[in-house]
Structures are given as C-alpha cells and as structure tokens.
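Written out below as structure tokens is the structure these notes cover.
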Amino acid sequence: MADRKTEEWAAEEQTPNLRLSLRVKEVLHREKTPYQEMAVYDTFECGRTLFLDGTVQTTEADEFTYHEALVHVPLFAHPDPRRVLIVGGGDGGPVREVLKHPSVEEVHLVEIDRRVFEVARQYLPFNNSWYGTDPRAKVMFLDGIKYVSDLTGQIAAGKAKPYDVAIVDSTDPVGPAVGLFTSNFYAAVRRVLSPDGLMVAQSESPFVHRHVIKRVVDAMSEAWPVCRLYLGPMPTYPSGYWSYTIGSNGGDPSHPARPVPAGFQARLYTSEWHRAAFALPPFVQELMPGDAARSAGR
Ligand code: SAM
C-alpha cells in the first residue's frame, strides 16, 4: 500500500475552484524555459504527461483524441492537402497526424519554444517518431505570428508558396500565445493559404472558457467568410469537452471532402465522427455570432 503522505500529485488548477490531479509515478523533467515552466511526469492514470505553466498539454492516454480532432477535420475537409503549416504544437503530436495523409508533401512546424520540442522528443516518443525519419516534416523555432506576417509579404511577391491547411495548436491565450487568438492573425493566416485553403485553431472548453470561444469565433468570422465550430472529447483538459474553430473561404468544412483511405490508422476519427462533431448543442450554438439575437427572441 503506498504511503499517501509521500505520494506526489501533479495538479492543474483548471478554475479557481476545480483541479485535475494526476498521481505521479516519476518526475521525469522540470525546467524553466525562456517562455514557460515545463514539467514532464510519468503518471499512474495517464502515462507520460507534459505540463506547461501548470496546465496539461498532452498525456500518453488521451492525446490522440485532441490531435486527431485538431488535424483530421481540416485535412479531410480539404480536397487535396499538400502543404500544411502548424503553429505551436511543439510536443510533436499534430505533425504525426498530418503525416498520415499520403497527399501531404510538406508539413512545417513553427514552435516558439525550442525546449518544448527537445524535451518532448526525449520523453514523449509516442508523439515524435516522425522526427528524422520522414523528410516531409520541417521544424522551425520562431514566433508563429512573425513567421506568418513575414510570409504574407513573400507570398504576395511570389517568393514563397502558399499552404493548403494551417493548424494553430497553441497554449491558452496568455504570454506569447495571446496574439494567436486575434482576427489580425487569422486574416494573416488566410493570406498565406491557397484559395481553397482552410485553417483551424483550438478554442478551449465550452463549459470553462466560453469567453475564449466567443472571442475566437468572432475573430475568425471577421477574418474568414465561413467560420464553424466543432467539438470533441479531451478527458484531461478542463471539463473534458473541447472546441475547435475552423475558417474557410466558402467550402463547408463540416463535410469531409474525401473518404478515409483503407488502412488509415485512427482511434477517434471517422467520416461519421467528422460530421457529428459539428452538431452543436444549443448551449454552444449560442456562442456563435448572430445567435445572440436568436437567443434573445427565444
Ligand atoms: N494541445 C495543447 C493545449 O491545447 O493545451 C497545446 C500543445 S502545444 C505544446 C502548445 C505550444 O504552443 C507550446 O509549446 C508553446 O510554446 C507554443 N506557442 C505559444 N505561443 C506561440 C507562438 N506565438 N508561436 C509559436 N508557438 C507558440
């Protein structure tokens, strides 16, 4: 029987009144990077778990639900994704999922914090097996906001190629991630995408971060002609229910543009799940722009 007095628990304060605690088997790493506090634990319940600034980023047990929802919805909504940009996502999981698409020729990961990538490579091998083995992936350690802003000029001058899909896998809207939740950034992303391109951004919990979802869908609707929200399970994130906001130039991202190829390895994603994820319950629908008036009339 473990001595409960000497047990170590890794806790995330999800709200001032709600914590998620994972019992720690082993502390694998702790560090203060130039951008954030980072820790990796081996936990009894969820296996290896990465924390940044005290919040769970990825766990061995449930990272697939988040990464598959974030990546496969926009990639299957696009008819032929060849070039993909990921902003954030330094734990490596989104690149792994993008590389499952045979049409993809290049995926560029732009992560501001080199140490997140290096530590994840060392301790989270389930996210990073692609590194050094798949030549389609390239990693850059830059601020995604500056990268996208510089690229808009190069694309306008015909000096760089646009992307087909952009994925924003950011930390919560604090510190260097604040600018990733703005209409200026979403408009700049739109300028680095091809005309049939689309973008997705993780947009937090419909229970705990309703103000963030509202801010993201308002900003995305300002920058893109079509803005849709979809939902998925994510057990270790606040409330266990997570949202993603997608922008497109006209195509309906709630319908897959292609079937899932035979042998495609997924544990969450199917074409049926893709369509179902856009069926928003009324308490989430009311966060969408234009719905305020409808709600007032109900
Ligand atoms: N799935 C996670 C979540 O929702 O909590 C996010 C995972 S990923 C580790 C988030 C990454 O975004 C972090 O490694 C962080 O360094 C990176 N990031 C934050 N702001 C950024 C920026 N402006 N440019 C590029 N990467 C950024």
Review point. Hey, any hits in the stretch 216-237 for a residue that's among the β-branched types (Val, Ile, Thr) and out of contact with any Cys (no Cβ under 8 Å at 6 or more places or on another chain)?
Key: yes
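Conditions tested, residue by residue: (1) within 20 Å of residue 152 (Cα to Cα); (2) touching a residue at least 12 places away in the same chain (Cβ under 8 Å); (3) of a type in the set (Phe, Trp, Tyr).
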site	(1), (2), (3)
183	yes, yes, no
211	no, no, no
223	yes, yes, no
226	no, yes, no
229	no, yes, no
Checked pairs for the stretch 51-63, first of a type in the set (S, T, N, Q), second near the ligand (Cβ under 6 Å from one of its atoms), C-beta under 7 Å and 6 or more apart or across chains, list as 57/91; 58/91
Over the stretch 1-56, the set of residues aromatic (Phe, Trp, Tyr) and in a strand (DSSP E or B) is 9, 41, 51
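Quick check: is even one residue across the stretch 68-77 small (Gly, Ala, Ser), within 16 Å of the ligand (Cβ to nearest atom) and under 17 Å from residue 118 (Cα atoms)?
Checked against the condition, which is being small (Gly, Ala, Ser), within 16 Å of the ligand (Cβ to nearest atom) and under 17 Å from residue 118 (Cα atoms), the stretch 68-77 yields no hits at all.
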Restricting the stretch 113-141 to residues that are outside any helix (DSSP H, G or I), out of contact with any Phe, Trp or Tyr (no Cβ under 6 Å at 6 or more places or on another chain) and among the hydrophobic types (A, V, I, L, M, F, W, C), the one surrounded by the most Cβ atoms within 10 Å (Cβ to Cβ) turns out to be 124
TODO: Please verify whether the stretch 261-279 includes one or more residues that are under 17 Å from residue 97 (Cβ atoms), surrounded by fewer than 22 Cβ atoms within 10 Å (Cβ to Cβ), of a type in the set (Lys, Arg) and over 18 Å from the mean Cα position of the chain (by Cα).
DONE: no
Pairs returned, first residue in the stretch 234-260 that is buried (at least 23 other Cβ atoms within 10 Å of the Cβ) and assigned to a strand (DSSP E or B), second residue that is at pLDDT below 95 and basic (Lys, Arg), beta-carbon separation under 8 angstrom, 6 or more apart or interchain, are none
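To keep it simple, each residue is scored yes or no on (1) closer than 30 Å to residue 16 by Cβ; (2) in contact with a helix residue (DSSP H, G or I) (Cβ under 9 Å, 6 or more places away or on another chain); (3) modelled with pLDDT under 95; (4) not aliphatic (A, V, I, L, M).
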{"position": "169", "(1), (2), (3), (4)": "yes, yes, no, yes"}
{"position": "172", "(1), (2), (3), (4)": "yes, yes, yes, yes"}
{"position": "194", "(1), (2), (3), (4)": "no, no, no, yes"}
{"position": "202", "(1), (2), (3), (4)": "yes, yes, no, yes"}
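Could you tell me how many of the residues in the stretch 148-176 are among the polar types (S, T, N, Q) and either closer than 30 Å to residue 208 by Cα or within 13 Å of the ligand (Cβ to nearest atom) (or both)?
3
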Expected single match for of a type outside the set (D, E, K, R) and touching a Ser or Thr at 6+ places or on another chain (Cβ under 6 Å) among 173, 135, 162 is 162
Of the residues in the stretch 132-147, those that are in contact (Cβ under 8 Å) with a residue 24 or more places away in the chain, out of contact with any strand residue (DSSP E or B) (no Cβ under 7 Å at 6 or more places or on another chain) and within 15 Å of the ligand (Cβ to nearest atom) come to 143, 145
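The values are calculated or read from the model by the stated rules, or taken from the named source; none is laboratory data. Small disclaimer: the values here were computed from a predicted structure and weren't measured. Positions of Cβ are backbone-derived with ideal geometry, glycine not excepted, and every protein chain shown enters the neighbour counts.
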